[in-house]
Structure formats: structure tokens, C-alpha cells
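Have a look at the structure below, then the notes.
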Amino acid sequence: MIETPGASGHDVPQGAAHAAAAAAEHGAGGAGHSDDIGATIMHHITDGHTLDLGFTEVHLPQIHLWGLDLSITKHVVMMWVAAALLILLFALALRGMRGMRGHGKAPRGMANLLEMLVVFVRDEVCLKNLGEHHGRKLAPYVLTLFFFILTCNLLGLVPLGSTATGNINVTAGLAILSFLMIQLEGIREHGFFKHWKNLVPHGLPVFVLPVMIVVEVLGMFVKPFALCMRLFANMTAGHVAILAFLGMIFIFQSAWASFAAVPLAIGIMLLEIFVAFLQAYIFTMLTSLFIGFSLHPSH
């Protein structure tokens, strides 16, 4: 038997040396596949300056003005697509509804679905949380928020699509808009000084006021922060789970893994459709609820 010296000074059989080398190579290959899957997941859920069209990649323009990065990114494009789809769908639905009702018929298809969602958000979210007067006045903002978030959520489930609401900058921007609406509506309803006075419940003992003022001011910022993080985390987690299950096929390099990975990924994807609607509803419902608290403070 031919032998080769071991690293520790003892002799090791050559067959064992080959086996160890093969095992090390297989381990390195497995680690390489894990790294590739991790890079693929990160590429899918993070923003970027390229847009994948399947057959080619489009490099998006990078704009820098006065030290600010105003570049057009993948998630910016997806928000533009969401806005364009909503304008197109509602324009076609409105045209169809006018035509059907002009002939004394109820709207059908997409027009009927959109009308159902609009009536639900208006009646169950706006009017219940804001009251009749303020609910009808603020319904356009709440409805725009709901449909924009819903469309951005669903676009992430389309092949070659990307979830803009999985970007914390996008959810932070939406949360800041909700924060401004909460404060502006409270100031418009009660006046500038009374609005801030309403943050603290009336009738509290004087020695409790310093603590309550700090708590209420913190709560004023925690509410939009919770809106931001909840939407971002839920939309990101689902995509990571789907890609991780599919990545098992390549990590184990076995067709047998697909029998477990594919059904699990399909199940998570179906769940993500429900989550897309749920998160859009939760964001708009909590926004209208917080605006309602500002309009109708408890005393």
C-alpha cells in the first residue's frame, strides 16, 4: 500500500487522504451554494440600480445633486408601475361603471371588485374610525393609501417583480405621511395649542403630568414607527421564506428536495397573497384610527 505522510507526523493511508480531500471539496461546494442562495435572496429583497427584465438587465440612471442621491432605483420603478396600474384600472373601471349604469345594469368584473373594496374601506375603516363628516372627507387619502400599498405588495409576487413595501425607506415615507396627517387633522380640528394639550388626558394629578407628557410624546412617534416596521417586516419575511425553500433544491443538489421545497414555497406564496391584503388593511385601519384619536381625544 502506498502511504503519504500526515500533517501531524503520522502516516495516513492514501485512500483516506483522497476521501478527506473529497469531503473538504464537497463541504466547500455546499458552502458555495449556500452563499449563492443567500446572495440571490438579498438581491431579490434589496433595492438596486438595475431592473431585471428576464432576457436583459436595464441599468437605471443614477442622479446626484448637491450631495443628495436622487437615483432611480428598482423600487422607485415598482412604485411608478403601481401608480400607473391604479390610474389605468380605476379609469377603465369608472368608464365601465358609467356605461353599465347608463343601461341600468350593475357593474361586473374588475369594476365590481374595485367598487366592493372601495365601499368596504370607506364604510368599515373611514366612517367607523373617523365619523361621518371626517370619514367622507378623508376617504380619498385612506383609499389611496390602501390601494397603493396593496398594489406594491402584490407586485412582489409577480415574476420579475419586486416588493417596494419591503424597503424600509418606502414604509418610512408612508408612515411619515400618516404622522403628518394625524397632527394636521388634529390641529385643523382643535387649533394648534389645544391639539398638543389634548395629547395628555385631562384631570390627571399634577405630579403625574411630567411622566404622562413624556409617555404621550414618545407614543406620538412610536405609532408611525410601528406602522413602518410592521409593513416592512411582514413583506420581507414572506419573500425570504419562499426563496429559502426554493433554495433547498440547489443547496442539497437533489431532485428529491423539490418534493418538499416546492409545495412549501407555493403554500407560503398563497399565504403572501392574503398577507398582502391584510397588511394594506392594517396600515390604513391603524392610520385612520390614529387620526380618529387626534380628532376625538378622550378626556
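We did not get these values from a lab; they are worked out from the coordinates using the rules stated. The structure presented is a predicted model; accordingly, all values stated were derived computationally and were not measured. Neighbour counts are summed over all protein chains in view; Cβ atoms, including those assigned to glycine, are modelled from backbone coordinates with ideal geometry.
Across segment 279-285, rounded Karplus estimates of 3J(HN,Hα) from the backbone phi angles (6.51 cos²θ - 1.76 cosθ + 1.60, θ = phi - 60°) give 5, 5, 5, 5, 4, 6, 5 Hz, Gly and Pro being marked x.
Annotation: extensible slack from Glu189 through Ala237 equals 13.4 nm (criterion: 0.36 nm per residue apart, minus Cα-Cα distance).
A crude spin-label estimate for the pair Leu53 and Val262, with each label 7 Å from Cα along the Cβ direction, gives 3.0 nm.
For a distance above 20 Å, tell me the whole-number percent of Cα pairs in segment 119-196 that qualify.
Values: 1373 of 3003 pairs.
Above the 20 Å cut-off, segment 119-196 has 46 percent of its Cα pairs.
Potential lengthening of the chain between Val222 and Ser71 amounts to 51.4 nm, from the contour at 0.36 nm per residue minus the alpha-carbon distance.
Set the Förster radius R0 to 41 Å, insert the Cβ-Cβ distance between Phe90 and Val214 as r into 1/(1 + (r/R0)^6), and round the FRET efficiency to 0.05. Please list the in-between numbers first.
Numbers: r = 44 Å, r/R0 = 1.08.
Working from the Cβ atoms, E equals 0.40.
The overall shape of segment 61-295, judged from the alpha-carbon gyration tensor, is oblate: a/c is not under 1.5, and a/b is no greater than b/c. What the phi angles of segment 89-97 give under the Karplus curve with 6.51, -1.76 and 1.60, with θ = phi - 60°, is a coupling list of 4, 6, 5, 5, 5, 5, 5, x, 5 Hz, glycine and proline written as x.
3J(HN,Hα) along segment 121-134: 5, 5, 7, 8, 10, 5, 5, 6, 8, 10, x, 4, 5, 5 Hz, from the Karplus curve 6.51 cos²θ - 1.76 cosθ + 1.60 with θ = phi - 60°, whole Hz, x for Gly and Pro.
The local environment of Phe232, defined by Cβ-Cβ distances under 15 Å, has a net charge of -1 under the rule Lys, Arg +1 and Asp, Glu -1.
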